[in-house]
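Every number here is computed from the coordinates shown, using simple stated rules; none is lab data. All values derive from a computational prediction rather than experimental measurement. Note: ideal-geometry Cβ built from the backbone for every residue, glycine included; neighbour counts use all protein chains shown.
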Amino acid sequence: MSSSHSSSPSGSGSSRRRFLRTAAAAGAVGLASRLTAMGQESRGANDMIGVGFIGCGGRAGAHMSIINQFHKEGIARPVAVCDVYRPRLEAASRKCGGAKMYNAHEELLEDPNVDVVCIATPDRHHAPQCIDAINAGKDVYCEKPLTHWAQFELAKRVEQAAKDKGRIVQVGTQYMADENYAKVGNMIKEGIIGKPVHCQLGYFRRGDWGERMHVPDPNAKPGPDLNWKRFLGDAPEVPFSVSRFFQWRLYWDYAGGPATDLLVHVFTPVFCLLRLDYPQRVLGGGGTFQYDREVPDQCNIIADYPDGPSVVMMNSLSNYTGIETKIRGTHGIIILTSRGIRIVPIDPKTNKETEEIFFKWNGMGDTAKLWRNLLECVKTRQQPFSPISAAVRVQAPLSMGIIGHRENKVVKFNFQTQSLELS
Ligand SMILES: NC(=O)c1ccc[n+]([C@@H]2O[C@H](COP(=O)([O-])OP(=O)(O)OC[C@H]3O[C@@H](n4cnc5c(N)ncnc54)[C@H](O)[C@@H]3O)[C@@H](O)[C@H]2O)c1
């Protein structure tokens with residue numbers, strides 16, 4: 001995206017931005033062909049896709065390392081960073097070779113050098129910042145979960161905005177970085193295990209990662225270097241607390257506990273394999289039995305889909321003895337093992353298992369691969385591995401499970417109004 005390419009329609013910042021918006025409206029054909037052409041020439045710094053980071057904490061550090069590596073490969077480069085806490089903002093800029101610093105994400109989105117935005121803020125900001133980025137004509141890598149548990153309506157708005165504006169959004173569940181899901185999804189659709197009727201999946205580990213979140217300055221206070229109001233966003237206004245600011249994962253106002261932090265990782269592949277839509281009802285259970293925090297440390301969710309399957313999601317933060325992900329069909333089973341995907345069909349005539357089919361993992365869990373896929377999609381305008389349409393529908397049972405747990409109720413999905421209902 002160079003000012004050095006005289007044939008490029010992107011000479012100055014504002015004309016370049018205008019070009020990107022026009023390209024979006026036209027299905028980004030121009031951008032695609034220009035980027036493809038760039039792949040065949042030697043590229044200067046300004047030709048690379050510019051990445052801006054909103055939120056510069058722990059997770060963003062991993063994303064910055066990936067983009068720094070891509071910079072060496074001539075694929076993309078970090079150009080801007082934004083955070084509400086000055087020490088992290090400055091550290092991020094240093095890590096990103098002096099990337100431009102912004103205190104407000106709206107200002108970063110005005111930067112014409114930013115083509116793709118990486119959103120790695122606390123959950124509550126994902127959807128509003130995603131919508132702002134889409135409206136500013138940017139493509140997006142948005143960390144999971146798509147929204148805070150109480151923002152399901154906003155999740156739908158992100159999907160609509162991306163559709164309306166023709167923007168690509170990769171949602172950061174890195175387990176999705178594997179082509180095998182598409183292949184196995186087709187086999188399931190064609191009936192390799194009959195009708196999928198029951199699924200089990202889980203995420204287990206020992207330890208509360210909220211409490212483990214680093215408090216770099218116990219004396220930190222709101223002021224020019226720490227914007228508490230911006231941290232809160234649309235969360236309830238409460239007095240500043242160092243723990244809320246640095247250890248936000250412990251609190252319902254900013255986080256949803258294991259459902260939106262962890263189960264989202266294991267459920268997304270199952271959701272995509274089965275090409276599910278919204279569940280008809282969800283039961284959420286669990287509790288805070290071990291650690292000193294608001295959000296639960298044990299979490300179980302049952303999501304029933306119309307005409308199946310019934311999906312059982314299990315979590316404990318007390319022990320890492322886990323369960324394998326299994327999709328049971330009327331004529332076979334699919335098991336996601338640590339090595340790959342095992343498909344064991346059952347012959348309906350003999351009722352016996354037939355020879356199993358095995359796909360070795362190829363990138364599952366690889367965040368860099370998820371990024372490469374996004375940058376490819378920026379050129380091709382194809383949907384990425386972890387698309388927004390899936391993330392919205394993955395968010396539904398997770399939000400419903402949390403709401404049901406908190407309210408002691410079953411939560412239903414109203415298919416007519418596309419909204420959640422307590423019963
Ligand atoms: N995919 C994964 O494996 C994975 C792993 C860890 C975290 N995450 C996700 O990444 C997100 C960030 O988690 P983290 O561990 O990096 O948290 P963190 O607290 O370390 O980082 C969040 C950063 O966002 C900044 N911030 C807060 N409000 C902001 C605002 N309005 N504008 C700009 N910056 C703001 C904070 O100051 C902080 O520096 C979470 O949603 C989490 O679920 C995903």
Check your understanding: Counting only residues 5 or more places away or on other chains, whose amide H sits under 5 Å from the amide H of Thr325 once H atoms are built in the peptide plane?
Key -> Leu336
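Once the Cβ-Cβ distance between Asn186 and Thr321 is put in as r, and R0 is 35 Å, what FRET efficiency do you end up with, to the nearest 0.05?
On the way: r = 33 Å, r/R0 = 0.95.
The pair Asn186/Thr321 has a calculated efficiency of 0.55.
Taking the DSSP beta bridges in the chain as the whole, what percent of them are antiparallel, to the nearest 5? Walk me through the numbers on the way to the answer.
Numbers: 44 of 72 bridges.
Close to 60 percent.
What's the local net charge at Gly308, with K and R +1, D and E -1, over the other residues with C-beta under 12 Å away? Mind dumping the intermediate values first?
On the way: positive: Lys195, Arg328; negative: Asp304, Asp307.
Computed value for this residue: 0.
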Practice item. Would you be so kind as to identify which of Leu232, Tyr251, Leu370 lies farthest towards the positive end of the dipole of the chain, taking Lys and Arg as +1 and Asp and Glu as -1 on Cβ and the Cα centre as origin? Key: Leu370
Review point. Counting only the backbone N, which residues of region 115-135 are under 16 Å from the spot 7 Å out from the Cα of Glu106 toward its beta-carbon?
Key: 128-135
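Which GluC sites (Glu not before Pro) from region 152-255 combine a DSSP loop assignment with at most 16 other Cβ atoms within 10 Å?
Values: sites: Glu153, Glu159, Glu179, Glu190, Glu211, Glu237; in loops: Glu179, Glu190, Glu211, Glu237.
For GluC sites (Glu not before Pro) across region 152-255 that sit outside H, G, I, E and B with at most 16 neighbouring Cβ atoms in 10 Å, the list reads Glu179, Glu190, Glu211, Glu237.
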Exercise for review: Would you list, by chain and number, the lysines whose Cα falls below 29 Å from the Cα of Lys326, excluding same-chain residues fewer than 8 positions away?
Suggested key: Lys144, Lys156, Lys183, Lys189, Lys195, Lys349, Lys352, Lys360, Lys369, Lys409, Lys412
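Would you work out the charge dipole size for the chain about its Cα centre, treating the Cβ of every Lys and Arg as +1 and the Cβ of every Asp and Glu as -1, and quote it to the nearest 20 debye?
On the way: 51 positive and 43 negative charges, 126 e Å.
Charge dipole, the chain, about its Cα centre: 600 debye, nearest 20.
Report the calculated FRET efficiency for His198 and Asp292 (r = Cβ-Cβ distance, R0 = 35 Å), to the nearest 0.05. Please report the intermediate quantities before stating the final value.
On the way: r = 36 Å, r/R0 = 1.02.
It comes to 0.45.
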